[in-house]
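Okay, so here's the structure we're looking at.
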Amino acid sequence: MTLDKNLSALQRLIEIMDRLRSPGGCPWDAEQTPESLVPYLLEEAHETIEAIEAGDPALICDELGDLLLQVVFHARIFSERGAFDVGDIANAISDKLIRRHPHVFADVTLQNQDDLTAQWEKVKAGEKAQRGESERTLLESIPRSLPALLRTRKLIEKSARSGRVWPNSSENLANCATTVQALYAGMSDEALGEALFALVAVARDGGIDPEGALRRATHRHFHTGDENA
């Protein structure tokens with residue numbers, strides 16, 4: 001698709017949303033708010049993930065379209081309130097991408113992945129300072145609404161980048177075995193939590209997304225054709 005065709009397609013979507021939200025449009029669409037759309041935004045994100053894991057390009061395209069609709073929908077609502085529109089959203093993310101990639105868009109040379117990560121964190125810290133945001137704690141920096149396994153992995157990764165020293169891979173494996181063994185001694189909320197935390201640490205060492213791994217394992221266990229038996 002050429003740039004002109006892409007822009008034309010996006011313009012068509014924006015015009016359709018304008019029609020739906022305007023007088024004489026769709027009553028359901030017209031009464032929606034950012035708050036009422038939150039469940040749909042979350043659902044569409046998860047359905048997009050499932051499509052990607054299924055590896056079906058047609059399905060991925062369809063689900064990404066549903067996700068894009070949520071962006072345009074929210075943009076239209078906030079535009080009606082005089083806050084921002086879809087153009088402001090596009091410009092904001094474009095500015096952010098340029099700002100966070102000085103090694104691509106400016107005269108900055110990075111030697112390795114560590115330099116890249118350090119530069120990324122430095123730019124993000126500058127953005128927060130410019131907005132006048134106070135420094136958030138580590139727990140506050142990762143959304144609480146994330147699934148627990150994913151949030152735990154991100155917290156471990158972020159704390160490691162901040163200088164916290166975590167056990168190495170073999171130590172994490174040993175910790176995992178110890179916590180699982182503790183479950184035999186007595187099942188409890190705390191024991192299970194420690195075992196799950198240890199598993200996430202092991203997954204992080206191996207570069208594995210624990211949330212995705214559990215989703216795929218669940219699918220394997222229940223994808224037998226007799227789920228309703």
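The values are calculated or read from the model by the stated rules, or taken from the named source; none is laboratory data. Quick caveat: nothing in here was measured; it's all calculated off a predicted structure. Positions of Cβ are generated from backbone atoms using ideal geometry, with glycine treated the same way; all protein chains shown enter the neighbour counts.
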- Message: Among the residues of the stretch 105-130, what is the count of those that are loosely packed, with under 10 Cβ neighbours inside 10 Å and not acidic (Asp, Glu)?
- Response: 6
- Task: Scan (1) outside the structural domain of Leu10 (by TED's automatic domain parsing); (2) at positive phi for the single condition Gly82 breaks and write down its number.
- Result: (1)
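Residue by residue, here is whether (1) of a type in the set (Asp, Glu); (2) in a loop (DSSP other than H, G, I, E, B) holds:
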residue	(1), (2)
Ile52	no, no
Glu63	yes, no
Gly87	no, no
Val108	no, yes
Asp114	yes, no
Glu121	yes, no
Gly126	no, no
Thr152	no, no
Leu155	no, no
- Query: Are there any pairs, at least 6 apart or on different chains, whose C-beta atoms fall under 6 Å, with the first in the stretch 143-168 and within 17 Å of Glu194 (Cβ to Cβ) and the second assigned to a loop (DSSP other than H, G, I, E, B), and if so, which?
  - Reply: Arg151/Ile142; Leu155/Ile142
- Do we have Leu183 as touching a Leu at 6+ places or on another chain (Cβ under 9 Å), in the same structural domain as Pro147 (by TED's automatic domain parsing), surrounded by 13 or more Cβ atoms within 10 Å (Cβ to Cβ) and not charged (D, E, K, R) here? yes
